[in-house]
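Please read the structure below before turning to the comments.
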Amino acid sequence: MTHAIQDWREERSQHLANARTVLVKVGSAVVSGSHGLDGEVLGNLARQFALLRNGGDASRRVILVSSGAVSAGRAVLAERNMPSDAVGLAQRQAVAAVGQGRLILAWDEACGRHGMTTAQVLLTRDDLRARSRFLHVRNTFAELLDRGILPVVNENDTVSVEELRFGDNDCLASLLVNLCNADLFVNMTSASGVLAADPGTSPGAPVMECIEDVGALDIAGLCGSKTLSGTGGMHSKLMAARRAAQIGVPTLILPGREPDVLSTVLAGAAEGGKLPGTWVRPAAHAIPRRKFWMAYQTDPAGVVSVDEGAANALLHKGGSLLPGGVRQVEGNFQQGALVRIVHEGGNLGVGLSNYTAAQLRRIMGLKRHQVAAILGDAQYPEVVHRDNMLLDAAI
Ligand code: GLU
């Protein structure tokens with residue numbers, strides 16, 4: 001049965017029944033109430049994780065990414081009449097350091113009541129950037145999951161400086177979907193699901209039950225441009241879902257504060273009826289895992305603008321990017337850096353540059369023999385080789 005004609009409800013029920021490794025992300029607004037962490041919500045979520053782990057023919061592996069350190073920290077400090085502002089970077093880091101202990105304690109207690117043992121994993125983006133460190137982190141997750149332990153992950157806010165940040169936990173979660181080989185991504189949010197139009201301009205827009213092709217979705221238009229610069233929000237959830245879809249993993253975006261919502265979906269999916277939240281279908285053709293890691297492990301260090309001919313070769317002919325097609329270079333990147341490839345302001349994709357920014361500025365627009373005359377013979381013919389490029393990157 002081809003992807004196009006397979007009914008998404010049937011696909012959803014199959015995925016939910018067969019998923020073996022599930023990555024669940026819960027947002028700050030889900031776990032926090034008006035006075036810090038909401039014990040009732042955490043307790044209910046823990047119960048659902050226990051059911052999720054024990055469901056199906058064999059027990060499932062669950063990885064939890066939980067936000068809430070900053071909001072828990074604020075509540076602790078306010079309780080003790082201490083300053084609780086978390087506006088600048090250092091303030092945020094300090095408040096997160098106060099709150100992370102509370103957050104993990106709350107999860108450990110809530111999960112312990114259902115017989116689950118938790119482990120705290122705090123990551124910075126740098127931990128996943130070098131392939132060897134990525135593999136070490138992956139081994140640690142495998143060991144925890146083999147022992148039946150529930151990893152509770154958050155960004156290591158206390159030491160994450162701006163350039164090493166994931167930016168938000170949706171981004172972190174999407175990278176862990178790849179690292180942990182998850183086959184289902186559940187993103188629990190304070191919203192009821194993905195709305196069919198920007199609520200800023202179309203109040204009352206209904207929740208979309210399914211997103212067929214998240215790669216083709218106008219995410220900025222749907223979420224309103226305001227959310228583009230902020231962290232969190234539906235924009236970052238859809239970008240994370242798009243990444244997961246690229247490696248063939250579906251995303252379920254659920255209203256996380258609704259009691260038993262995940263259990264309801266798991267129980268109801270087989271009947272194929274209307275369920276809470278939004279189902280984001282996986283892409284029909286998954287990209288290689290190495291390309292995923294290459295494209296998303298770090299933010300692009302520069303921008304390479306290409307001409308019409310090069311854009312055409314990349315998009316329609318399966319070509320690599322050659323020096324002759326480069327028109328402009330922004331940034332000061334090194335050889336091997338990840339760069340954004342654009343044409344007339346629109347993103348084409350990302351890839352690893354064989355040249356430094358300074359070299360590229362000297363050879364852009366030139367033919368191979370002209371490049372050799374400037375930089376010598378032993379040069380790469382391509383600026384970015386096709387194998388080191390991901391078109392349509394969700395960045
Ligand atoms: N790491 C932050 C926290 O725990 C949250 C980041 C996010 O939700 O995107 O407070």
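The values are calculated or read from the model by the stated rules, or taken from the named source; none is laboratory data. Since this is a predicted model, take the numbers as computed values, not measurements. Neighbour counts are summed over all protein chains in view; Cβ atoms, including those assigned to glycine, are modelled from backbone coordinates with ideal geometry. Accessible surface is based on the protein model in full, side chains and every heavy atom, while ligands, DNA and RNA are left aside. Shrake-Rupley method; radii C 1.70, N 1.55, O 1.52, S 1.80 Å.
Taking amide H positions as modeled 1.01 Å from N, with prolines and chain starts lacking one, the residues under 5 Å from A283 and 5 or more places away or on another chain are Q246, G248, V249.
Exposed loop trypsin sites (Lys or Arg not before Pro) only (DSSP loop, at most 14 other Cβ atoms within 10 Å): please give the longest stretch of the chain free of them, not including the sites.
148-273
Straightening the chain between A267 and R362 buys 28.1 nm, computed as 0.36 nm per residue apart minus the Cα-Cα spacing. In units of the compact-protein estimate 2.2 N^0.38 Å, segment 299-395 shows a Cα radius of gyration of 0.96. Percent of C-alpha pairs per 10 Å bin in segment 269-351, short distances first: 15, 37, 26, 11, 9, 2.
Given their separation in residues at 0.36 nm each and the Cα-Cα distance between them, S59 and R327 gain 91.1 nm when the chain is fully extended.
Residue by residue, what Karplus-based ³J(HN,Hα) values in Hz, rounded to whole numbers, does segment 378-386 have, using 6.51, -1.76 and 1.60 with θ = phi - 60° and x for Gly and Pro? Values, residue by residue: 7, 10, 5, x, 9, 6, 10, 6, 3 Hz. Annotation: Cα Rg of segment 1-154 relative to the compact-globule expectation 2.2 N^0.38 Å equals 1.21. Near the amide H of S84, within less than 5 Å, lie no amide hydrogens of residues on another chain or at least 5 residues away, with H placed in the peptide plane.
Between L150 and T117, T118, A119, the built amide H atoms are under 5 Å apart, and every one of these is 5 or more places off in sequence or on another chain.
Ranked from largest to smallest solvent-accessible area, with a 1.4 Å probe on the protein heavy atoms, Y380, Y355 come out as Y380, Y355.
Gain on full extension, evaluated as 0.36 nm per residue between D213 and T158 minus their Cα-Cα distance, stands at 16.1 nm.
Rounded to the nearest 500, the 222 nm mean residue ellipticity of the chain from helices alone is -11500 deg cm²/dmol, with -39,500 (n - 2.57) taken per DSSP H run of at least 4 residues. Whole-Hz Karplus values for segment 195-208 come out as 7, 6, 8, 4, x, x, 9, 10, x, x, 4, x, 6, 7 Hz, taken residue by residue from phi with 6.51 cos²θ - 1.76 cosθ + 1.60 and θ = phi - 60°; glycine and proline positions read x. Cross-link partners for K317 among the lysines, with Cα-Cα distance under 22 Å and sequence neighbours closer than 8 places in the same chain left out: K291, K367. Working from label points 7 Å from Cα in the Cα-to-Cβ sense, the Q334 to R113 distance is 5.0 nm.
Pairwise inverse Cα distances across the chain, averaged and inverted, put the Kirkwood hydrodynamic radius at 22.4 Å.
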